[in-house]
1. Testing residue 115 on (1) in a loop (DSSP other than H, G, I, E, B); (2) in contact (Cβ under 8 Å) with a residue 24 or more places away in the chain, one condition comes back false. Which one is that?
2. Do we find a residue being at pLDDT 75 or above, surrounded by 12 or more Cβ atoms within 10 Å (Cβ to Cβ) and touching a helix residue (DSSP H, G or I) at 6+ places or on another chain (Cβ under 6 Å) anywhere in region 26-38?
3. Within region 64-81, is there a residue that is modelled with pLDDT under 80, part of a loop (DSSP other than H, G, I, E, B), closer than 30 Å to residue 134 by Cβ and in contact with a strand residue (DSSP E or B) (Cβ under 9 Å, 6 or more places away or on another chain)?
């Protein structure tokens, strides 16, 4: 054992149990080992206690459960929602005016040329549309 703090010279005698002889034996140990055992026992005890915390085991368990679920569940294709309605309502003359909704999250604009999100909907079609996309969406 290497130590920069102390050397081997005052060696110490320690008693250890021998399984083979089934009795206590006196063995020589270096002084640095005696100092380590005397002062670092709390650190080793803390490491032992931290190793027993359940959060590490819980994370591993969650990871294993997720892996099991992936093998047991078959992914389904995402359903495409048809929000456009019938062409008679969409292209017919009527009350097609933008209305600002109180929704917390914005919806994707349903015009084919637009990819923005908006909080406006058409009052008659109930389709999310940007104010600039109304004429393009409802025109033929």
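1. Only one criterion is unmet by residue 115, namely (2).
2. Within region 26-38, the subset at pLDDT 75 or above is 26-38.
Subsequent filtering for residues that are surrounded by 12 or more Cβ atoms within 10 Å (Cβ to Cβ) retains 29-37.
Checking the rest, the ones that are also touching a helix residue (DSSP H, G or I) at 6+ places or on another chain (Cβ under 6 Å) come to none.
Among the residues of region 26-38, not one is at pLDDT 75 or above, surrounded by 12 or more Cβ atoms within 10 Å (Cβ to Cβ) and touching a helix residue (DSSP H, G or I) at 6+ places or on another chain (Cβ under 6 Å), which makes the answer no.
3. Filtering region 64-81 down to residues modelled with pLDDT under 80 leaves 64-81.
Narrowing the set further to residues that are part of a loop (DSSP other than H, G, I, E, B) leaves 73-81.
Within this subset, residues satisfying the condition of being closer than 30 Å to residue 134 by Cβ are 78-81.
Those left that are additionally in contact with a strand residue (DSSP E or B) (Cβ under 9 Å, 6 or more places away or on another chain): none.
For region 64-81, residues modelled with pLDDT under 80, part of a loop (DSSP other than H, G, I, E, B), closer than 30 Å to residue 134 by Cβ and in contact with a strand residue (DSSP E or B) (Cβ under 9 Å, 6 or more places away or on another chain): absent.
The values are calculated or read from the model by the stated rules, or taken from the named source; none is laboratory data. In this text, all values refer to a predicted model and were calculated from it rather than measured experimentally. Reconstructed Cβ throughout: ideal geometry from the backbone, glycine too, with neighbour counts over all protein chains shown.
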